[in-house]
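Novice: Before I ask anything, let me first share the structure, which is written out below as structure tokens.
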Amino acid sequence: MIQGIAASHGIAIAKAYQLVTPELTYEKKSIDDPNKETERLEKALATAKGELEKIREHTRKEMGDEHAEIFSAHLLILDDPEMINPIKDKIKSENVLAEAALEETTNMFVDMFKNMDNAYMQERAADIQDVTKRVLAHLLGVTVPNPALIDEEVIIIANDLTPSDTAQLNREFVRGFATDIGGRTSHSAIMARSLEIPAVVGTKEITGSVKQDDMVIIDGIEGNVIVNPTDGQIDEYKEKQATFERQKEEWAKLKGEPTITEDKEQVELAANIGTPDDVESVLTNGGEGIGLYRTEFLYMGKSQLPTEDEQFDAYKSVLEKMEDKPVVVRTLDIGGDKELSYLDLPDELNPFLGFRAIRFCLENEDVFRTQLRALLRASVYGNLKIMFPMVATLEEFRQAKGVLLDEKENLKDEGNSISDNIEIGIMVEIPSTAVIARQFAKEVDFFSIGTNDLIQYTMAADRMNERVSYLYQPYHPAILNLINTVIEAAHHEDKWVGMCGEMAGDSIAIPALLGLGLDEFSMSATSILPARTQIRGLSKEKMSSYKDKFLSMGTAEEVVEFVKEKTE
Ligand code: PEP
Ligand code: MG
């Protein structure tokens, strides 16, 4: 049995699909027969094209035209004589292997495009790099995994899954996944929860321990993976799977019920989403609103930035489907583990502490304004609230709000109708902001505490690094005290506070958060019904009376013991 971190609940039993990028190395040597090399190149190009056409078709069917566009861009490159002829010429004139001619020629184009002062051309550089890898793999005879083409039930085994890999997974056939790296709050784990597939992350060794087509059991409840299980183990886990399904049926009985504590205090249970498609699961799981719409996914898995109209359609569709329920949309939070290859931003030593989120948006105002315009135009279709991610200073908030109000005026001047009741808030993810929440509370309409980042910054423990995942301690008194500061500050100014980090759906944290006075809990849709069941059995007054006690404790362990004892 391989132990990892339980990232998404449920049990899955299926064959393994290794999603590992192959080594693309070759020996540089001169060749005798340039015609033979050219033929090898032609063959690799044809195979790559066939494969890309299939992926494009599949993506178009599963995810729509927009997501398929990137593959059209890749196909265009393979059909471009200005790209392909120089590769062939190089084979003939320099007597080099097709691999070397391909790499050297495409590298030249990549460098040229990267250095152009034109975002469109810079985006093309990333496409060329991607396509080159695919053709090179075919020349070397190694298999490139194509997760979009999976057509039987599998469990994905990978070192890590980037959010865009996760977005491409076929929901119908991917039963679960296990990775070597990552923690409970890495974005692949978060997406697994919204796709409702079991996942175990941070196993350190899964890719080395599982072969393609091995039978695998993923236990996303305990965080275990079993490779090539015995018949007895398969029966045992099928039983566990059935128990989990029965438990889900119990929870489902509270779908349309309000979230009221034993002493009749109401809180709001909202959901976190990544795409408009996720709304369906929010509604079937009884979500009372959307506490976090991570808009980054609109920007990912594409070859260029989404247009204002594309974004408008997505926001409008979410607002309409949610009717008048609150929808908190977070502006672009790119960076950290969420990359946009087409922006071609330089690699950073500490991406989670780097040029990301609001920092990026304030420096790339055109990108920011496009998103704000789309949001403002969509505001008349529902109950929209906008929040900015990773705010570290009041100046950042003021500047971002200034841009938003400026676009609002521009749109009105252009004759658009915009809602006049859009609340503007911030994520509290950076300790500096939590510490001076009193000052922020005078200017924002609401806070949403992003504990995934707040914990990593407070504990100085990278959320992607499984070696320090023991420091992801939501119940640590330092974290609880920061949360308390934020809630008190907001309530002092009659503002509301939500939490959209994973901690909001954590059954040990919930009683403590209720005691601290949190107003809105936003979580993966599948956590809503278990959370509602739990909250209906708790007394807010009783939990508040323990507040001073757990805030003054020394360790997370003491807090856990205490909460468990008081809620038994
Ligand atoms: C957070 O940091 O808690 C959060 C909700 O944002 P994300 O997980 O997208 O960084
Ligand atoms: Mg965050």
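Novice: Within the stretch 432-443, can one find any residue that is within 14 Å of ligand 1 (Cβ to nearest atom), of a type in the set (Phe, Trp, Tyr) and more than 24 Å from Val563 (Cα to Cα)?
Specialist: Initial filter on the stretch 432-443 (within 14 Å of ligand 1 (Cβ to nearest atom)): 433-434.
Filter once more, keeping what is of a type in the set (Phe, Trp, Tyr): none.
No, the conditions are met nowhere in the stretch 432-443.
Novice: Separate question: Determine the pairs where a residue that is assigned by TED's automatic domain parsing to the domain that holds Thr458 and at pLDDT 95 or above, located within the stretch 416-430, has a partner that is assigned to a loop (DSSP other than H, G, I, E, B) and open to solvent by 30 Å² or more (accessible area, probe 1.4 Å) with Cβ atoms under 7 Å apart, the partner being 6 or more residues away or on another chain.
Specialist: Glu423/Asp445; Ile424/Asp445; Gly425/Asp445
Novice: Looking at the stretch 491-515 only, could you name the residues that are among the hydrophobic types (A, V, I, L, M, F, W, C), open to solvent by less than 10 Å² (accessible area, probe 1.4 Å) and in contact with a Lys or Arg (Cβ under 9 Å, 6 or more places away or on another chain)? Spell out the reasoning first.
Specialist: Let us first name the residues in the stretch 491-515 that are among the hydrophobic types (A, V, I, L, M, F, W, C), namely 496-497, 499-500, 503-504, 508-510, 512-514.
Now narrow it down to the ones that are open to solvent by less than 10 Å² (accessible area, probe 1.4 Å): 497, 499-500, 503-504, 509-510, 512-514.
Matches in the stretch 491-515: Cys500, Ala512, Leu514.
Novice: If you check every pair at least six apart or on different chains, which have Cβ atoms under 7 Å apart with a residue in the stretch 378-389 that is in the same structural domain as Asp309 (by TED's automatic domain parsing) first and a residue that is among the basic types (Lys, Arg) and within 16 Å of ligand 2 (Cβ to nearest atom) second?
Specialist: Correct list of pairs: Met387/Arg330; Pro389/Arg330.
Novice: Would you point out the residue of the stretch 26-51, among those that are in contact (Cβ under 8 Å) with a residue 60 or more places away in the chain and among the polar types (S, T, N, Q), that is least open to solvent (accessible area, probe 1.4 Å)? First the steps, then the outcome.
Specialist: Filtering the stretch 26-51 for residues in contact (Cβ under 8 Å) with a residue 60 or more places away in the chain gives 26, 28-32, 34, 37-38, 40-41, 43-45, 47-48, 51.
Next, only the ones that are among the polar types (S, T, N, Q) stay: 30, 38, 47.
Values: Ser30: 93, Thr38: 18, Thr47: 66 Å².
Applying the filter and picking the extreme gives Thr38.
Novice: Right, next: Do you know which residues across the stretch 432-455 are assigned to a helix (DSSP H, G or I) and surrounded by fewer than 20 Cβ atoms within 10 Å (Cβ to Cβ)? Break it down into steps so the answer makes sense when it comes.
Specialist: Of all residues in the stretch 432-455, those assigned to a helix (DSSP H, G or I) come to 432-435, 437-441, 451-455.
Result: Ser432, Val435, Arg438, Gln439.
Novice: Looking only at residues that are closer than 24 Å to Phe352 by Cβ and in contact with an Asp or Glu (Cβ under 7 Å, 6 or more places away or on another chain) in the stretch 395-429, which one is farthest from ligand 2 (Cβ to nearest atom)?
Specialist: From the stretch 395-429, those closer than 24 Å to Phe352 by Cβ are 395-397, 399-400, 425-429; that's our starting set.
When the remaining residues are screened for being in contact with an Asp or Glu (Cβ under 7 Å, 6 or more places away or on another chain), the result is 397, 425, 429.
Values: Phe397: 16, Gly425: 14, Glu429: 5 Å.
It comes out as Phe397.
Novice: Regarding Lys54, is this residue closer than 24 Å to Ile91 by Cα, open to solvent by 80 Å² or more (accessible area, probe 1.4 Å), charged (D, E, K, R) and not assigned by TED's automatic domain parsing to the domain that holds Leu169?
Specialist: Working: closer than 24 Å to Ile91 by Cα: no; open to solvent by 80 Å² or more (accessible area, probe 1.4 Å): yes; charged (D, E, K, R): yes; not assigned by TED's automatic domain parsing to the domain that holds Leu169: yes.
The answer is no for Lys54.
Novice: Of all the helices (runs of 4 or more DSSP H) wholly in the stretch 204-284, which have at least 2 residues that are touching a helix residue (DSSP H, G or I) at 6+ places or on another chain (Cβ under 8 Å)?
Specialist: Hits in the stretch 204-284: 231-252, 279-284.
Novice: Next up: Working only within the stretch 436-456, note down all residues that are hydroxyl-bearing (Ser, Thr, Tyr) and either more than 13 Å from ligand 2 (Cβ to nearest atom) or in contact with a Leu (Cβ under 9 Å, 6 or more places away or on another chain) (or both). Before you say what the answer is, go through the steps one by one.
Specialist: First pass over the stretch 436-456, keeping only residues hydroxyl-bearing (Ser, Thr, Tyr): 448, 451.
Listed by number, the list holds a single entry, Ser448.
Novice: Would you be able to tell me the number of residues in the stretch 330-357 that are open to solvent by less than 60 Å² (accessible area, probe 1.4 Å) and away from ligand 2 (no atom under 15 Å from the Cβ)? Give the derivation first.
Specialist: The initial filter retains those residues of the stretch 330-357 that are open to solvent by less than 60 Å² (accessible area, probe 1.4 Å), namely 330-338, 340, 342-344, 351-352, 354, 356-357.
Right, trim to away from ligand 2 (no atom under 15 Å from the Cβ) and you get 340, 342-344.
Number of matching residues: 4.
Novice: Additional query: How about the stretch 152-187: which of its residues are in contact with a strand residue (DSSP E or B) (Cβ under 7 Å, 6 or more places away or on another chain), crowded, with 24+ Cβ neighbours inside 10 Å and of a type in the set (S, T, N, Q)?
Specialist: Thr179, Ser186
The values are calculated or read from the model by the stated rules, or taken from the named source; none is laboratory data. Owing to the predicted nature of the structure, the values given are computational and were not obtained by experimental measurement. Note: ideal-geometry Cβ built from the backbone for every residue, glycine included; neighbour counts use all protein chains shown. These accessible areas exclude ligands, DNA and RNA; they are computed on the full protein's heavy atoms, side chains included. Shrake-Rupley method; radii C 1.70, N 1.55, O 1.52, S 1.80 Å.
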